[in-house]
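The values are calculated or read from the model by the stated rules, or taken from the named source; none is laboratory data. Just so it is clear, the structure is predicted and the values come from calculations on it, not from any experiment. So basically every Cβ, Gly included, is an ideal-geometry build from the backbone, and we count neighbours across all protein chains shown. When the accessible area is computed, the model is the full protein with side chains, heavy atoms only, and any ligands, DNA or RNA have been set aside. Shrake-Rupley method; radii C 1.70, N 1.55, O 1.52, S 1.80 Å.
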Amino acid sequence: MAIKSDIIVHRVDALVAGAGGAGLRAALEAGKQVDTAVITQVFPTRSHTVSAQGGIGASLGNVEQDSWHYHMFDTVKGSDWLGDQDAIEFMCREAPSVVIELEHMGLPFSRMDDGRIYQRAFGGHTSKYGTAAVHRSCAAADRTGHAMLHTLFEECLRCGVKFYNEYYMLQLITNQGHVCGALCWDMIKGGFHLFHAKATLFATGGYARVFTTTSNAHICSGDGASLALRAGLAVQDMEFLQFHPTGILGAGNLITEGVRGEGGFLLNALGQRFMETCAPHEKDLACRDVVSRGIAEELRGGRGCGPKKDHVLLQIHHIGAETIMERLPGIWELTKVFAGVDCTKEPIPVVPTAHYSMGGIPTNRRAEVVVPGADGPETVVPGFYAAGEAACASVHGANRLGTNSLLDLMVFGREGGRRMAQYAQQNETWPDLPENAGKQGLAEVERLVNGGGGVRLGPLMEQLRDDMERHCGVFRTADDLEQLRGKLAAHRAAYAKVGVADKGAAYNLDLIEALELGHMLDVCQAICQGALARQESRGGHYRDDYPQRDDANWHKHTLALLEPDGQARLEYKPVRMQPLSVPTIDLAERKY
Ligand SMILES: Cc1cc2nc3c(=O)[nH]c(=O)nc-3n(C[C@H](O)[C@H](O)[C@H](O)COP(=O)(O)OP(=O)(O)OC[C@H]3O[C@@H](n4cnc5c(N)ncnc54)[C@H](O)[C@@H]3O)c2cc1C
């Protein structure tokens, strides 16, 4: 079946792109009030949120005394002071309410003996402003994301949200500064669909798949950020990528920090608990950037384990098989399948793995997308919202705390849904579509299917990810990043000659892969140039040639825009240091 260029138009009040935790939470909120549609590349419950293991952070205080003030402090400190403090206060204050809401929807949280929600310790979460570790992560065993997606999907169906599953978004449609929907490709049958919406929310997830070793699913190719860039909008802080310390050697799959929260620890080849030296206070439960660098230093120093000295060991068997099977059953299964290790008996070989995208589409705390414009660097784009890993609110700044992503999805997903419904109700008519609406996305598909200058897709994708890993990983230098910039230009030139082998319309996964590669190139450009320009080390961005944090010059957010030649143009904007109701948490040295 050949590709047809007709476009079917649908009209909805609110359009949500993405059906992970953020998209479903937004759709649920909007769907209670206005006509809402969700478009999603994969079936909703297969979204990447399904893999979230360790839990959602909220200061319920079920195990010991806790407060949102402590949670806020930990989040600001964890962000290496790059997080916006109004958004962080908002998120931490709302946390208990979104968790209780999920409980009332029926999410099967693990329970304590007295019936209250079970909470576990996680890296960087403390009570009394860094005094002692606190149990703050509300968990459904080690399958919290799975439970969350199923709960939210059922609720969305109950309130009549329309789902367009396996629809791939190709283009964000804008007209004179207003967002008015998106063009999609029906992956099952083929064919173009334009969703004309009063309000559109991107919840398309992150971009950590641009690295070879990653905990992320195939779909995490940064499509949302790329489509925003192509529509002339800015993306924020893309150079901040989180490397999670404990990915399974050779596979990259994640071993949740919950393992260390339950008492696990890291060992080098000499049998030393090296985190006791790297972070004397928090040790194995220091923030992820700190632990990842700790591991990378052990490997650089020749103290790695195994014949290749290429990993360290994560030990958990000392807590006993019964506890492991009750609290970490998924981890037992993962390590058995992907590492060939029974973690109730032996340690797990681990390395840092690309895990989470702190950068994304800039929003304010109302989940409204903001870009430089007439009202300054935070001018609201009418009709456009973003939430979850696709967005940059910015609550995670330079480094995200574990459990704060699921929280971000619930708080800003709900907020985005509310705001979309309000906006749609306030605007009776739909914004006009531009002339030739969707033609750019359509042309891209036609070029890939009909073109073909001899460059093969698979090897180019592999090379791009390898180059990102080699030149832009846990440690970065100007030299490396300059080399990467040259390679990216060559990859972009090669991409212009990519054609897909499958010319059909139905289930053309070759085409989807090619489209994703285009998105990854945009995202990599913004990461590389942002990282090259930022001559300091902060959170997940560590420059070997600039090892110190430099607040005088770099306490600011990076904004990247895409130039027609594929290069990024960088601008900067201040960090919002003023919380909503409490005093600013002043800049300080970050020690664990
Ligand atoms: C192994 C693992 C464990 C984790 N554990 C935790 C944890 O315990 N606690 C925590 O807080 N965080 C955790 N995280 C992080 C957290 O799971 C993610 O950050 C979060 O789930 C992202 O959710 P999201 O809704 O933003 O996007 P996703 O769940 O990634 O969903 C993205 C959606 O966008 C859609 N999409 C993407 N591109 C397109 C396109 N072009 N067209 C149409 N649709 C598109 C997809 O179909 C999908 O529905 C973990 C991450 C991993 C990898």
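Quick notes on this one:
- 3J(HN,Hα) couplings calculated from phi for segment 519-530 with the Karplus curve 6.51 cos²θ - 1.76 cosθ + 1.60 (θ = phi - 60°) are, in sequence order, 5, 5, 4, 4, 5, 4, 4, 5, 5, 4, 5, x Hz; Gly and Pro show x.
- Surface exposure of the chain, expressed per residue as accessible area with a 1.4 Å probe, stands at 35 Å².
- Sparse-neighbour loop sites [chymotrypsin sites (Phe, Trp or Tyr not before Pro); segment 115-146; at most 14 other C-beta within 10 Å; DSSP]: Tyr129
- Computed on segment 210-256, the Cα convex hull volume stands at 86 Å³ per residue.
- All Cα pairs of segment 439-550, percent lying beyond 18 Å: 54 percent
- Protection proxy ranking for 325-338, 216-229, using the average of other Cβ atoms within 10 Å per residue and placing the highest first: 216-229, 325-338.
- Translational diffusion of the chain, µm² s⁻¹ [Kirkwood Rh, Cα pairs; Stokes-Einstein; 10 °C; 1.306 mPa s]: 67 µm²/s
- Taking only the C-alpha atoms of segment 247-352, Rg followed by Dmax gives 12.8, 37 Å.
- Surface composition of segment 439-550: carbon and sulfur atoms hold 50% of the protein heavy-atom accessible area at a 1.4 Å probe.
- Highest-first arrangement of 574-580, 169-175, where packing means the average Cβ count within 10 Å: 169-175, 574-580
- Distance between segment 198-239 and segment 92-107 - C-alpha centres, whole angstrom: 27 Å
- Rounded tilt (10° steps) of 144-158 against the dominant C-alpha axis of the chain: 40 degrees
- Within the accessible area of segment 247-352 (1.4 Å probe), percent carbon and sulfur: 53 percent
- Packing around the peptides 91-103, 424-436, 403-415, taken as the average count of other Cβ atoms within 10 Å per residue, puts them in this order, highest first: 403-415, 91-103, 424-436.
- Using just its DSSP H runs of length 4 or more, each adding -39500 (n - 2.57), the chain gives a mean residue ellipticity at 222 nm of -10500 deg cm²/dmol after division by all residues.
- Computed extension length for Glu346-Glu571: 76.1 nm, one decimal, from 0.36 nm per residue of separation with the Cα-Cα distance subtracted.
- Estimated FRET transfer efficiency when R0 is 56 angstrom, pair Ala321-Ala374 (beta carbons, to 0.05): 0.35
- Taking the longest Cα principal axis of the chain as reference, the axis of helix 457-471 is set at about 40 degrees.
- Kirkwood-based Rg to Rh ratio, segment 113-269, C-alpha trace: 1.04
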